[in-house]
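Colleague: Here's a structure for you.
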Amino acid sequence: LVSIGEPQHDGTRVIYFEINGQSREIIIQDMTVEVTGNKAPKADPSNPNQIGATMPGTVLKVAVSKGSSVKRGDHLLITEAMKIETTVQAPKDGIVKEIYVASGDAISTGDLLIELE
């Protein structure tokens, strides 16, 4: 065990540890932490305008703002999981209708990140 992250608003914590010299991290639900606020909305996989998280992790950077015009393939945000950064790209041309996350937010698989119109 290397360290335990601060509790997030959704009751999760990031646990950092090392196995065989490799740094790892996992996100756990801490049952001793009271959840504050609403749970993150989930993306509707059948709605092409909703962009959801493909894996749990942390939002490192949001590269667009509400009202921004985006083209297919444009970088929307950068997430990080287990020290690997992933760029979330626009699946189609559109305008950013809403951004549901901010830098530093913990995300779970399926969480709604950005909605286009």
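Colleague: Could you tell me which residue of region 77-117 is farthest from the chain's Cα centre (by Cα), considering only residues that are over 12 Å from Ala53 (Cα atoms) and small (Gly, Ala, Ser)?
Modeller: The selected residue is Gly94.
Colleague: Evaluate the following for Val96: is it over 13 Å from Ile114 (Cα atoms), among the aliphatic types (A, V, I, L, M) and surrounded by 15 or more Cβ atoms within 10 Å (Cβ to Cβ)? Even if it seems obvious, please write down each step before you answer.
Modeller: Details: over 13 Å from Ile114 (Cα atoms): no; among the aliphatic types (A, V, I, L, M): yes; surrounded by 15 or more Cβ atoms within 10 Å (Cβ to Cβ): yes.
Here the answer is no, as Val96 does not meet what is asked.
Colleague: Would you list the strands (runs of 3 or more DSSP E) that sit entirely within region 6-70 and hold 3 or more residues that are in contact (Cβ under 8 Å) with a residue 12 or more places away in the chain, surrounded by 11 or more Cβ atoms within 10 Å (Cβ to Cβ) and aliphatic (A, V, I, L, M)? Explain how you work it out, then say what you get.
Modeller: Numbers: elements: 12-19, 22-29, 50-52, 57-62.
Strands (runs of 3 or more DSSP E) meeting the threshold: 22-29, 57-62.
Colleague: Continuing with this model, one more query. Step by step: first the residues of region 71-91, then only those that are small (Gly, Ala, Ser) and assigned to a loop (DSSP other than H, G, I, E, B), then the one that is farthest from Arg13 (Cα to Cα). Which residue is that? Talk me through it step by step, then tell me what you get.
Modeller: Within region 71-91, the subset small (Gly, Ala, Ser) is 73, 81, 90.
From what is left, the residues that are assigned to a loop (DSSP other than H, G, I, E, B) are 73, 90.
Numbers: Gly73: 31, Ala90: 29 Å.
Looking at the filtered set, the residue picked out is Gly73.
Colleague: Moving on to the next point. Examine region 79-86 for a residue that is within 18 Å of Asp105 (Cα to Cα) and either exposed (fewer than 10 other Cβ atoms within 10 Å of the Cβ) or in contact with a His (Cβ under 9 Å, 6 or more places away or on another chain) (or both), and state whether such a residue exists. Step through it out loud before you land on a result.
Modeller: Start the filter on region 79-86 by keeping residues that are within 18 Å of Asp105 (Cα to Cα), which leaves 79-86.
Next, only the ones that are either exposed (fewer than 10 other Cβ atoms within 10 Å of the Cβ) or in contact with a His (Cβ under 9 Å, 6 or more places away or on another chain) (or both) stay: 84.
The answer is yes, given that some residue of region 79-86 is within 18 Å of Asp105 (Cα to Cα) and either exposed (fewer than 10 other Cβ atoms within 10 Å of the Cβ) or in contact with a His (Cβ under 9 Å, 6 or more places away or on another chain) (or both).
Laboratory data are not the source of any read-out in this text; all were calculated from the coordinates shown. All figures in this text were calculated on a predicted structure; none of them were measured in a lab. Neighbour counts run over all protein chains shown; Cβ positions are idealised from the backbone, glycine included.
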